[in-house]
Structure formats: C-alpha cells, structure tokens
Amino acid sequence: MNYDIIIIGGGIFGVTTAVTLQQRGWHTAVLDPGPLPHPLAASTDISKVVRMEYGADEQYMEMVEAALVGWRQWNEMFGPLFHEIGVTMFTQQPMAPGGFEYESYQMLLKRGHQPERLDADEISRRFPAWKRGAFVDGFYHAQGGYAESGRVVEALLAQAQQLGVAALTGQTAVEIGQEGGRVTAVRTTEGHTFATDHVLVAAGTWTHLLLPALAPVMKSTGHPVFHLKPAQPELFTPPNFAVFTADVARTGWYGFPLHPTEGVVKIANHGIGLRLHPRDDERVVTAQDEQNFRAFLAATFPALANAPIVYTRRCLYCDTLDEHFWIDRHPEITGLTVAAGGSGHGFKFAPILGDLIADAVEARPNPWLPKFRWRTLAAQTTGEEASRHHG
Ligand SMILES: Cc1cc2nc3c(=O)[nH]c(=O)nc-3n(C[C@H](O)[C@H](O)[C@H](O)COP(=O)(O)OP(=O)(O)OC[C@H]3O[C@@H](n4cnc5c(N)ncnc54)[C@H](O)[C@@H]3O)c2cc1C
C-alpha cells in the first residue's frame with residue numbers, strides 16, 4: 001500500500017496535520033508505536049493551558065486568537081474538551097515594563113481585549129485560595145482556560161480514521177529511506193518498509209533521534225508535574241479559581257483548577273527542566289522537586305500546603321534553543337518535512353496546527369510560518385518564550 005504521505009508521530013502535531021492533509025486529498029497514514037494517544041507523549045495529559053498571553057510577542061497572541069475560534073468549534077463537534085474558565089496571572093511585585101505579565105497586559109489592551117487588573121485585596125476577595133498579600137498585582141482574563149489534551153487527541157484520531165487516515169500503530173520509525181535526495185520510504189524497527197514520496201516527522205521530543213542533524217538545535221528536557229487532592233475542593237473550583245501563573249517567568253509555577261472528572265488540582269513547573277534522553281533515561285520527579293513544590297505551596301496556596309500528592313510525572317519537552325516551533329521542509333531532502341519543537345507551549349495551538357503544518361508540507365505561503373522556518377541557531381542561543389522561567 002502506497003501512501004501519499006506518512007506522518008511519523010500521533011501526537012497533536014501529527015494528528016491535526018493528518019486530518020487536514022486527508023481533507024486536502026492526500027492519502028495519509030500516521031505511524032506510531034502506540035497505543036494512541038501514546039502514554040509518554042507530551043500531548044497525552046488531563047489538561048493543557050490555553051492562553052493568549054505571550055508577553056510582547058504579538059504573533060503568538062494573534063495565533064491563539066485564531067485557535068480560540070477553533071477550540072469553541074471543537075467543543076461543538078467533540079463535546080466540552082476545552083474549558084474556557086479564564087486565566088489569572090499574578091505577580092509578587094507590582095507589574096513592571098519588560099515583565100511577562102506587564103507586557104502581556106499591554107498587548108491584550110493593544111489588541112482590544114479586556115483583562116481585569118487586580119490588586120492584592122481584589123485577588124484575595126475573588127480568588128481566596130491565594131495567600132493573602134503574597135501576590136499584589138496582575139490580572140484575570142476571561143478568554144482562555146484549559147483543554148483536556150489526551151481526550152482531544154483521541155477525538156482527532158477518531159475523526160482522522162473516519163476520514164480515511166490509516167493508523168499504522170505498533171510501528172517505530174527507525175530510518176527514512178531516500179534516493180537521489182528524495183524521500184522513498186519509512187523503515188521501522190519492526191522490520192517493515194512503507195513506500196512513500198512524502199514524510200512528515202512529528203515525533204515530538206524523539207525527533208532528534210530520528211534526525212540527528214537536528215540534535216544541535218533541539219533537546220529533550222523533563223519537567224515535573226504534580227496532582228493534588230485538595231481538602232477544600234470548592235476553593236479550587238471556578239469561579240473561585242482559574243488557570244493560573246504565579247510570577248511564572250520568575251518561578252516557573254502554573255496550574256489548573258480542580259479537574260471536573262479526575263478530581264485533582266494539577267500544578268507544574270515551566271522552567272529549565274532536566275536534560276534527558278527521551279528513550280533511555282528514567283522520567284521521575286525527585287525529592288528535591290517535591291521539596292521545591294511544597295515550599296511554593298506554603299508560600300502561595302496555604303490550603304494545599306499539606307495536601308496529598310496523588311500522582312507525579314516528569315514530562316518531556318522538545319525544546320528548540322530559541323523555544324520557537326520547528327515547522328518546515330527539509331532544505332536538502334525533497335519530500336521531508338519536520339513539525340516539532342513544541343518547547344512546552346505547543347498544544348494550545350491545536351485548532352490551527354493542521355493548516356499551519358499542512359501549508360509547510362505543501363509549500364503554501366502562510367504568514368505565521370517564517371517564525372518556525374528551518375534556521376541556524378548558535379549553541380549559545382537563549383530561549384525567547386516570554387512565560388518560561390530561565391533560572
Ligand atoms: C509537562 C508539560 C506541560 C505542558 N503544558 C502545556 C500547556 O499547558 N499548554 C500548551 O500549549 N502546551 C503545553 N505543553 C507542550 C505540548 O504538550 C507540546 O508542545 C505538544 O503536545 C507536542 O506535541 P507533539 O505532537 O509534537 O509531540 P508528542 O505529543 O510528544 O507526540 C509525539 C509522538 O511521536 C511518536 N514517536 C516518537 N518517535 C517515533 C518513532 N521513531 N516512530 C514513530 N512514532 C514516534 C510518539 O510515540 C508520540 O506519540 C506541555 C508539555 C509538557 C511536557
């Protein structure tokens with residue numbers, strides 16, 4: 001069986017593109033060791049933040065504005081997998097120029113949005129779980145919230161298969177065959193060869209294993225995630241609580257309200273992370289991570305200071321050096337496209353990813369793609385994602 005294109009990776013980058021390319025007339029297959037959604041995939045989780053706040057970076061805000069339209073439409077199609085309960089972004093010092101919250105707030109106003117700026121008293125009155133007086137400035141923005149990411153991938157996979165996309169699960173790509181600078185096939189660890197003229201590598205944090213030439217610009221970093229069982233769940237339930245960032249660029253901490261079905265409060269750290277090998281290294285949360293976490297809880301959410309941790313995970317980013325996505329055709333190999341580099345912030349764009357990546361595959365002009373082009377990054381390149389805590 002010949003496919004017009006084989007997509008390596010059934011995470012959100014791969015499955016959204018599979019739906020779009022199949023709709024554009026490509027006979028498409030998704031190849032993944034599975035099961036899908038893959039338990040170790042970054043896309044597989046109970047929740048991911050959907051926020052339009054990106055500091056002074058206007059393109060990302062514009063992209064999330066478009067994605068929000070899609071999220072609301074997907075809720076019609078797939079049921080309420082996107083919870084638009086708003087976001088709170090609070091700071092321990094007054095917001096100041098150059099800071100993530102300040103620049104985000106200014107950009108929201110510039111683009112006609114209506115964030116509500118809150119001082120320490122307003123924070124305590126509206127969001128009583130926050131330690132009184134610990135956070136003194138910031139805002140609540142009603143547009144935004146979180147998506148149940150694993151269930152979103154499941155729904156898109158079902159849609160893709162209904163459209164005729166082949167799911168080649170139980171297969172791990174190990175080599176991309178090429179002749180005369182053109183892609184010819186995908187070979188798997190399981191001993192199969194799938195002939196094709198086009199391959200999209202959407203293998204997340206494993207991408208640089210398949211394409212070692214990308215190893216200098218892409219790395220795997222592991223980040224701690226905690227699930228807590230609150231003694232006072234009402235304190236962490238909207239409207240008393242929203243998706244939050246707690247001085248995130250200075251601390252890394254962010255989280256979610258009580259999950260409607262899982263019954264837990266999830267909190268994680270968007271920081272430097274731990275450099276790991278995506279296949280060989282253990283993915284565990286350390287005693288030091290837990291200690292740091294308890295210190296954060298005591299200083300921020302007293303009602304959670306001693307709450308039981310019922311689950312932990314170290315989840316891996318596909319980190320580019322500048323923290324922008326990598327979505328482009330290979331400069332030398334015809335028929336090869338890469339879509340990876342989610343850098344800890346790619347999921348929220350899901351409703352627009354399919355078109356964005358399909359446009360790259362088809363070399364169609366797209367105003368958002370130049371930011372994610374195949375590029376040279378010096379080893380000392382620093383990260384540019386405004387909410388990321390860089391130590
Ligand atoms: C802890 C954590 C928290 C995050 N929080 C947020 C958030 O709040 N908001 C947000 O917008 N983003 C967030 N992100 C980022 C987001 O999850 C990712 O950017 C996005 O899910 C990446 O999707 P992907 O399809 O590139 O990769 P993945 O979802 O990891 O999928 C890659 C797929 O490729 C497959 N694969 C790998 N190697 C091979 C191979 N050789 N052959 C075949 N298949 C292969 C894997 O099995 C997997 O299914 C977070 C990420 C992490 C890790």
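The values are calculated or read from the model by the stated rules, or taken from the named source; none is laboratory data. Keep in mind that this is a model prediction, so the values were computed, not measured. A quick note on method: Cβ atoms are made from the backbone with ideal geometry, for glycine too, and the neighbour counts reach across all protein chains shown. In case anyone asks, the SASA skips ligands and DNA or RNA and just uses the protein heavy atoms, side chains included. Shrake-Rupley method; radii C 1.70, N 1.55, O 1.52, S 1.80 Å.
Between segment 229-299 and segment 140-200, what is the C-alpha centre distance in whole Å?
29 Å
Within a Cβ distance under 14 Å of S124, other residues only, what is the Lys/Arg minus Asp/Glu net charge?
Surrounding charge for S124 is 0.
With r defined as the distance between the Cβ atoms of N306 and E122 and R0 fixed at 35 Å, what FRET efficiency is calculated, to the nearest 0.05?
Between N306 and E122 the formula returns 0.80.
For segment 1-75, treating each Cα as an identical point scatterer without solvent, what Debye log10 I(q)/I(0) comes out at q = 0.17 1/Å?
With no solvent term, the Cα-only Debye profile gives -0.85.
Suppose accessible area is computed on protein heavy atoms with a 1.4 Å probe; arrange E290, E282 from highest to lowest.
E282, E290
Would you list, by chain and number, the aspartates and glutamates whose Cα falls below 13 Å from the Cα of K229, excluding same-chain residues fewer than 8 positions away?
Within the straight-line limit of under 13 Å, K229 reaches these aspartates and glutamates: E262.
Among A358, A305, A340, which one shows the highest mean-square fluctuation when the chain is modelled as a Gaussian network with alpha-carbon springs under 10 Å?
Looking only at A358, A305, A340, the biggest GNM fluctuation is shown by A305.
Percentage of Cα-Cα pair distances in segment 177-318 greater than 21 Å, rounded to whole percent?
I get 56 percent for the Cα pairs in segment 177-318 exceeding 21 Å.
What are the equivalent ellipsoid semi-axes of the chain, built from the alpha-carbon gyration tensor (square roots of five times its eigenvalues), in whole angstrom, biggest first?
For the chain, the ellipsoid semi-axes come out as 36, 21, 20 Å.
Could you pull out the pairs from K48/K110; K110/K266; K348/K371; K110/K131; K266/K348; K219/K348 whose alpha carbons sit more than 24 Å apart here?
As for pairs spanning more than 24 Å Cα to Cα, those are K48/K110; K110/K266; K110/K131.
Angle check, please: helix 100-110 long axis (alpha carbons) against the longest principal axis of the chain (alpha carbons), in degrees 0 to 90, nearest 10.
That works out to roughly 80 degrees.
Residue by residue, what Karplus-based ³J(HN,Hα) values in Hz, rounded to whole numbers, does segment 180-191 have, using 6.51, -1.76 and 1.60 with θ = phi - 60° and x for Gly and Pro?
x, x, 10, 5, 10, 6, 10, 9, 10, 4, 7, x
Once the whole set of protein chains is in place, how much accessible area is left on V225, using a 1.4 Å probe, in Å² to the nearest 10?
The accessible area of V225 comes to roughly 10 Å².
With all protein chains present, calculate the accessible area of K219 using a 1.4 Å probe and round the result to the nearest 10 Å².
Its accessible surface works out to 60 Å², give or take rounding.
Taking every DSSP beta bridge with both residues inside the chain, roughly what % is antiparallel (nearest 5)?
Restricted to the chain, the bridges split so that about 70 percent are antiparallel.
Step through the residues of segment 155-171 one at a time and calculate ³J(HN,Hα) from phi using the Karplus curve (6.51 cos²θ - 1.76 cosθ + 1.60, θ = phi - 60°), rounding each to whole Hz and writing x for Gly and Pro.
5, 5, 4, 5, 4, 4, 5, 4, 7, x, 5, 8, 9, 8, 8, x, 10
Starting from the residue with the highest accessible area, list Y146, Y311 in decreasing order, probe 1.4 Å.
The residues order as Y311, Y146, largest area first.
Taking the Cβ of Y105 as the center, what net charge do the other residues with Cβ under 13 Å away carry, scoring Lys and Arg +1 and Asp and Glu -1?
-1
So, taking all protein chains as they sit and a 1.4 Å probe, how much accessible area belongs to H390, in Å² rounded to tens?
90 Å²
Local charge sum around Q171 (other residues, Cβ-Cβ under 9 Å, Lys/Arg +1, Asp/Glu -1)?
In short, -2.
Could you sort W74, W130 by their accessible area in this structure, using a 1.4 Å probe and putting the largest first?
W74, W130
Could you calculate the FRET efficiency of N2 with M77 from 1/(1 + (r/R0)^6), where r is the beta carbon distance between them and R0 is 30 Å, rounded to 0.05?
With a Förster radius of 30 Å, E is 0.45.
Simple spin-label model, 7 Å along Cα-to-Cβ: E58 to T381 in nm?
My value for the distance between the label points is 2.4 nm.
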